[in-house]
Structures are given as C-alpha cells and as structure tokens.
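This report concerns only the one structure given below.
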Amino acid sequence: MYRKDVSVRIRKMLILLLLSLMIVPTAKASKAGEQMALEEAKTMMRAMPLSYNALLDQLRIGGYTEEEARYAADACGADWNRMAVRARKKYRNLPDMDEDEIRRQLSYEGFTEEQISSAVRHANEPVEGEAERIAEQYLNLGAYSPDGLVDRLEKEGIDHEAAEDTVGSLDVDWDDQAEQSAKRLAREGMKPGDDMVDELRRQGFSSEQARNATGRQGK
C-alpha cells in the first residue's frame, strides 16, 4: 500500500513537471510577442497619429494576437488627446473639409467625442515635438537642403520661424544630404555637370555644396 501511494505521488509530480515545462516556453513566447508588438506600436505612433482602436487594428493586421495588441496599446504611453490633435492638424489645410467633416473623419478614425473636442479646442496650438518629428520623417524618406526642409515643414502647417528653428537644431550633415541628392539625380540619368549643380542649387543647397556633391559623382 505504501509503495502504491509513493508511485501515485511520483506520477503526479512527473505530470506537474511536464506541465510546467510546457507552460514556461508558452509564457516566454507570449512575453516576446507583447514586447515586439509594443515596439511596433511606438514606431507607428511616431510616424502617424492613431486612435487607440486604430492602433489595435493596425497591430492585428500586422499579425499580432488580440492580447499582444491590447498589451501594446495599453503600454505604449500614448496621449490619445494629443494623438487627436495631431490627426486634426492633418486636415487643417484642406479647403474642402469644414469642421463638421473633420469631426466625422476623426470619429471614423476611432477617436472618442472627448478626444475630438479636445483636438478642436487645441487646433491652433503647436504640438510638442511635432516639427522635429515631421522633419525626421522627411529626412528618412529622402535628402533635403535646410531651405528645402523648412519649405516642407511650412507646407505641413509649421510657421516659418518654428520651421527654421527646428531645422537649425537638427544634427544633420548637409554636405552629405547634397551628395545623397546628387546620387539620386545620377541614378535618374542626370550627368554630373552644370545641370546637376543648378538642380541642387534649386533644391536649396549652397553653390559650394552643389559643386562638391556634383564633382564627387564624376569620380
């Protein structure tokens, strides 16, 4: 009888051990998925203003589970009122959208009535870090001169003084930007020469930057 009890206890211990070995990898995998979802959520929020529900949708589309998506949306630290303000600013320069249409659009994008009202109240206030974020987006997409980047920021609704201050504060090698632009022109078929220099100057690079960048394409 004693041996039988011991045998039963041993079998139970083995079962518990096997179960624990199965649970630990699953828990680790779940944790890794949550962290990956969180990093992707932060990247998305830097690139574009999303509501909580829109972020969930994007993460689900990206293949994350419901639990991973909700963890990321809850843990990303987003200020949803601020996201609504950023989203509102996307439409401020569109002449064919009145305030009611903008409200409907923000609602369609998943923002709550409270967030939309906050966005309307603060529509003309600058969003902290907005100019820097937009400038970095453009620099990630292509090469710009200081004047060219200021012009882009102004088209995004940033006033001229704030745009110039932002561009002036960036840690950017403008000579390298000129060379990157010259390489793009060369790939598009433009030969190194006066035409390339003129095009780089038209983009806002200085004469020296344009000549140096063009000269390096001929080597």
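The values are calculated or read from the model by the stated rules, or taken from the named source; none is laboratory data. Keep in mind that this is a model prediction, so the values were computed, not measured. FYI the Cβ positions are ideal-geometry reconstructions off the backbone, even for glycines, and counts take in every protein chain you see.
Going through segment 87-106 one residue at a time, which ones are within 16 Å of residue 48 (Cα to Cα) and surrounded by fewer than 20 Cβ atoms within 10 Å (Cβ to Cβ)?
90, 91, 92, 105, listed by residue number.
Check residue 45 against each of (1) touching an Asp or Glu at 6+ places or on another chain (Cβ under 8 Å); (2) at pLDDT below 90; (3) hydrophobic (A, V, I, L, M, F, W, C) and name the one condition it does not meet.
Against the list (1) touching an Asp or Glu at 6+ places or on another chain (Cβ under 8 Å); (2) at pLDDT below 90; (3) hydrophobic (A, V, I, L, M, F, W, C), residue 45 comes up short only on (1).
Which ones in segment 69-93 are at pLDDT 90 or above and among the charged types (D, E, K, R)?
Matches in segment 69-93: 70, 74.
Counting just the residues of segment 144-202 that are basic (Lys, Arg) and farther than 30 Å from residue 87 by Cβ, which one comes out surrounded by the most Cβ atoms within 10 Å (Cβ to Cβ)?
201
Let me spell it out: the conditions are (1) within 27 Å of residue 129 (Cβ to Cβ); (2) in a helix (DSSP H, G or I); (3) touching a residue at least 24 places away in the same chain (Cβ under 8 Å), and residue 182 meets all of them except one. Which number is the exception?
(1) is the only condition that residue 182 fails.
Only residues that are assigned to a helix (DSSP H, G or I), crowded, with 19+ Cβ neighbours inside 10 Å and in contact (Cβ under 8 Å) with a residue 40 or more places away in the chain: list them for segment 39-81, please.
If the condition is that a residue be assigned to a helix (DSSP H, G or I), crowded, with 19+ Cβ neighbours inside 10 Å and in contact (Cβ under 8 Å) with a residue 40 or more places away in the chain, then 54 is the only one that fits.
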